[in-house]
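Every number here is computed from the coordinates shown, using simple stated rules; none is lab data. Please read all numbers here as calculations on a predicted model, not as lab measurements. Note that each Cβ is placed from the backbone with ideal geometry, even for glycine, and that neighbours are counted across all protein chains shown.
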Amino acid sequence: MSDATALMHLQTRAATGHAPLLPLKVRDLVLRFGEATVLDGLNLDLGPTGCTMIMGPNGSGKSLLLKLLHGLMQPSSGRIEWGGDAPEQATARQALVFQKPVLLRRSVAANIDFVLKARAKDTGGLDALLEHVGLAHKARQPARLLSGGEAQRLALARALATDPEVLFLDEPTASLDPASVLAIEEIVNEARARGVRIIFVTHDIGQARRMADDVVFLHRGRIAEHCAAAEFFPEPRSAAARDYLNGRIVV
Amino acid sequence: MQSIGEAFGLAIALVLSGDADLIEIVLLSLRVSLTATALACVIGLPIGALVAIGRFWGRSAVLIVMNALMGLPPVVVGLLVYLYLSRSGPLGFLGLLYTPTAMIIAQTILITPIVAALSRQVLEDLHAEYAEQFRSLCLTRLQTIQALLWDARYSLLTVGLAGFGRAVAEVGAVIIVGGNIDHLTRVMTTAIALETSKGDLALALALGIVLLVIALGVNAAVQSVRMTAARQAYV
């Protein structure tokens, strides 16, 4: 599906329900823990479709930015607007997949059923969703005995069960084998094609090249650059991003 | 007064013969303590869950009180319930003193703090793992509590067991509010106390053996359920 069709899909959704969540506006966002400033005056605009990759060295504030955008944390100052709404008002229309999937002590199917019931959604689509992520044959098995890749696919399925307009992914494929990584990417790409806005944190440069429409590069709590992937990978403008892509340590 | 050897022999014979008095006492004990445990869970688990996920002013004080109440002396609980239920007490009109209901009330008061305090710890640990995911899913407080109680079900079995163990083994509260009346409020622990003071060690020992077997049996059952659950990573 092209971006134009994805956009149309979003507009249809907007017409049937709430105002659209995007564009996202971040203005002068600051996050401090005591004396330490971990995010320092971020400004960011994201358009309605596609996949934004947030990259940067460890400790640059990527995961914290994701949590702020999702409304799980409060910034020290600055503001975040999802189509004019505060992040806390947008949380329910978004989903976040964590690096380490948090699975309930129940069966695979019950993990999804739980979310569908909590959101008062029709549970009829459960089997199709499990089929979609390749876990239909494990529906009755305990979720916490799944392999790393399967567990992350279940976490992704559970996130998609909420029918999110924005899907945040916080290094979902860290420590997974290549086949599992591709399986996750395929599911994410399908969601994106359906019009779900993807905001993805990764350290995997290959993955970023495969998936990104645009890249936000964080360095020392600031946005070192934000540009289209086609520009970023061949010729990063910031010295920090150049060093990072070349495998040199950036602190 | 029999020798220990004789007493053991008679006790085992009593247990094996299925003595009617013995069975009556055992059944009443189980009825009182299991009912008290169920009530304590109905009251104590939601309290434990609310304190586990709540962040409110004075929470530390609540925790201290909850933990301190775990050590309530049974005789004190018995005395307080007695004062409320006695003819001149505020609830005297109910006519509950010296009935199994009074014993259930006393044991429920005794073990509810145990269930609440232990479940609070279990649920708080689980919530630490789930909290961020649950906030991302925008769960209500009620949905969070329901999910925590269900996902901690096997650990909470052990909490219930701790409460039951305390209830079935205590003598101080039930003897004050129950009165140890034959065929009405005589339970295992009060019967053991009475028979020992009378010198009828055989019946006392027989009841002691049954009490131990029940304790072992319930523990073994809970342990095996937990092990099955652990194999499925549900604990």
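Compute the Rg to Rh ratio over segment A:148-202 from the alpha carbon atoms, using the Kirkwood formula for Rh, and round to two decimal places.
Value, to two decimals: 0.93.
What's the center-to-center distance, using Cα atoms, between segment A:131-158 and segment A:46-98 in Å?
Going from one Cα centre to the other spans 26 Å.
Kirkwood-based Rg over Rh for segment B:107-234 (C-alpha set), two decimals?
On the way: Rg = 19.7 Å, Rh = 17.3 Å.
For segment B:107-234, the value is 1.14.
With everything on Cα atoms, drop me the angle between helix B:188-198 and the longest principal axis of chain B, reported from 0 to 90° to the nearest 10.
Once rounded, the angle reads 30 degrees.
With no solvent and one point on each alpha carbon, what is the Debye value of log10 I(q)/I(0) for the protein assembly as shown at q = 0.06 Å⁻¹?
So the normalised log intensities work out to -0.43.
Mean 1/r over all different Cα pairs, inverted: what Kirkwood radius does segment B:64-132 give, in Å?
Numbers: mean 1/r = 0.0729 Å⁻¹.
For segment B:64-132, the Kirkwood estimate is 13.7 Å.
Say the cut-off is 27 Å between C-alpha atoms; which of A:Lys62/A:Lys100; A:Lys25/A:Lys67; A:Lys25/A:Lys117; A:Lys100/A:Lys138; A:Lys25/A:Lys62; A:Lys67/A:Lys117 go over it? List each step's numbers first, then the result.
Numbers: A:Lys62/A:Lys100 16 Å; A:Lys25/A:Lys67 15 Å; A:Lys25/A:Lys117 32 Å; A:Lys100/A:Lys138 20 Å; A:Lys25/A:Lys62 17 Å; A:Lys67/A:Lys117 24 Å.
Exceeds cut-off: A:Lys25/A:Lys117.
If you fit an axis through the alpha-carbon atoms of helix B:59-69 and take the longest principal axis of the Cα set of chain B, what angle between them do you get, 0 to 90°, nearest 10?
10
Once you have the Kirkwood Rh of chain A from its Cα pairs, apply Stokes-Einstein at 25 °C and 0.890 mPa s and quote D in µm²/s.
After rounding, the answer is 131 µm²/s.
In terms of modelled amide H atoms, which long-range or inter-chain residues lie less than 5 Å from the amide H of A:Val38?
Placed amide hydrogens put A:Leu31, A:Arg32, A:Phe33 under 5 Å from A:Val38.
Using the Kirkwood radius over C-alpha pairs as Rh, can you work out the diffusion coefficient of segment A:113-251 via Stokes-Einstein at 10 °C, viscosity 1.306 mPa s, in µm² per second?
Calculated translational D: 95 µm²/s.
Jot down the per residue volume, in cubic angstrom and as a whole number, of the convex hull over the alpha-carbon atoms of segment A:41-80.
Here the figure is 90 Å³ per residue.
Counting other beta carbons within 10 Å of each Cβ, put A:His226, A:His70, A:His18 in order, fewest first. If you can, show how the numbers build up before the last one.
Values: A:His226 18, A:His70 24, A:His18 13.
With the sparsest Cβ surroundings first, the list reads A:His18, A:His226, A:His70.
I need the phi-derived Karplus couplings for segment B:104-121: 6.51 cos²θ - 1.76 cosθ + 1.60, θ = phi - 60°, integer Hz, Gly and Pro marked x.
Calculated HN-Hα couplings, in order: 5, 4, 4, 5, 4, 5, 5, 9, 4, x, 5, 5, 5, 5, 5, 5, 4, 5 Hz.
Determine, for B:Glu170, B:Glu124, the number of other Cβ atoms within 10 Å of each Cβ, and report the residues in order from fewest to most.
Values: B:Glu170 23, B:Glu124 17.
Ascending Cβ contact count within 10 Å gives the list B:Glu124, B:Glu170.
Suppose only helical runs count, i.e. DSSP H with n ≥ 4. What mean residue ellipticity at 222 nm does that imply for chain A under -39500 (n - 2.57) per run, divided by all residues and rounded to the nearest 500 deg cm²/dmol?
Numbers: 10 runs with 92 residues, N = 251.
Computed ellipticity for chain A at 222 nm equals -10500 deg cm²/dmol.
Would you work out the Kirkwood radius for segment B:1-82? I mean one over the mean of 1/r across all pairs of different Cα atoms, in Å.
Every distinct Cα pair counted, the radius reaches 16.9 Å.
Using Cα atoms only, what is the angle between the long axis of helix A:178-193 and the major principal axis of chain A, expressed in degrees (0 to 90) to the nearest 10?
90
Enumerate the calculated ³J(HN,Hα) couplings along segment B:26-43 in order (Karplus 6.51 cos²θ - 1.76 cosθ + 1.60, θ = phi - 60°), each rounded to whole Hz, writing x wherever the residue is Gly or Pro.
These are the phi-based 3J(HN,Hα) values: 5, 5, 5, 4, 5, 4, 5, 6, 5, 5, 4, 5, 4, 5, 4, 5, 4, 8 Hz.
Return the Rg/Rh value of segment B:4-231, two decimal places, where both radii are evaluated on C-alpha atoms and Rh is the Kirkwood radius.
Using Cα coordinates only, the ratio equals 1.05.
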